[in-house]
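Peer 1: Sharing a structure below in structure tokens format, with a few things to ask.
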Amino acid sequence: MKIIAIAKRIYQWIYSHQLISLCGVVSIFFLICTLNTLLNFNQHSSSLAGQIYELKQLKLNGPNWQRKANQLDGRLPVFLDSKEAEESVTQLILESSRLHGLTLDYHQKQPRSAVEIYRAEQAAAFESSAIEVRVDGREEQVVRWLHSLQSPENFTGVDFIALEKAGMNITCEATVVQWYKSAPKPEKAPF
């Protein structure tokens, strides 16, 4: 009987230590989970604090951006379609080259890449139409002509320039861009 009593005590001692060990492992697991949750919460709250700061800055700058948007809306040319914008910039190029005494060798519409079309559709704030031209003339005339095409009032600019000197004259290849806003399309009747 003594052996059985000793065996029971050994069994109880081992069982109680296993239970304590199991409780310790479970406690450590919960402690790790709690610390991980607190760290995630801290990171998330830091991120939110940054976003709140950015929103406050946007709110502070909002009137300034609204004023600029209103100025653009009032001044940005409106065309029915890209063809009308191309005609406008072509007319500007012809008049400007004539005014500056330059010989216009050619002009053609610059094809738009799929990326440019996608960006224009995504931005939807304004569109652009580009014309490639080549002119010949004296250096001073060409420079004045290029300067006249850079017109914030008309929302035109020179996007690309390549110059080649030929004796006393310069040949200039340039891409002239007209930025504009599309006129709102009339709504169709539902029937």
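Peer 1: If you stretched the chain out fully between residue 33 and residue 150, how much longer would it get, using 0.36 nm times the residue separation minus the C-alpha to C-alpha distance?
Peer 2: Values: separation 117, 0.36 × 117 = 42.12 nm, distance 6.27 nm.
This chain segment gains 35.9 nm when fully extended.
Peer 1: Give me the extension gain from residue 41 to residue 26: residue separation times 0.36 nm, minus the current Cα-Cα distance, reported in nm with one decimal. Before the final figure, lay out the partial values.
Peer 2: On the way: separation 15, 0.36 × 15 = 5.40 nm, distance 2.26 nm.
So the chain would gain 3.1 nm between residue 41 and residue 26.
Peer 1: In addition: At 0.36 nm per residue, minus the direct Cα-Cα distance, what do residue 60 and residue 175 gain on full extension? Give it in nm, one decimal, please. Could you put the intermediate results ahead of the total?
Peer 2: Values: separation 115, 0.36 × 115 = 41.40 nm, distance 3.83 nm.
Net length gain for the segment: 37.6 nm.
Peer 1: On the principal axes of its Cα set, how long, how wide and how thick is the range 129-174? Give whole Å, largest value first.
Peer 2: 34, 18, 10
Peer 1: In a solvent-free Debye calculation with one equal scatterer on each Cα, what is log10 I(q)/I(0) for the range 34-79 at q = 0.25, 0.30, 0.33 Å⁻¹, listed in the order of the q values?
Peer 2: Summing over Cα pairs of the range 34-79 leads to -0.84, -0.95, -1.02.
Peer 1: Assuming R0 = 41 Å, what is the FRET efficiency of residue 76 and residue 163, from their Cβ-Cβ distance, to the nearest 0.05? The partial results should precede the final answer.
Peer 2: On the way: r = 30 Å, r/R0 = 0.74.
Here the calculated transfer efficiency is 0.85.
A short reminder: the numbers here are calculations on the coordinates, not readings from a lab. The structure presented is a predicted model; accordingly, all values stated were derived computationally and were not measured. Cβ: placed from backbone, ideal geometry, glycine included. Neighbour counts: every protein chain shown.
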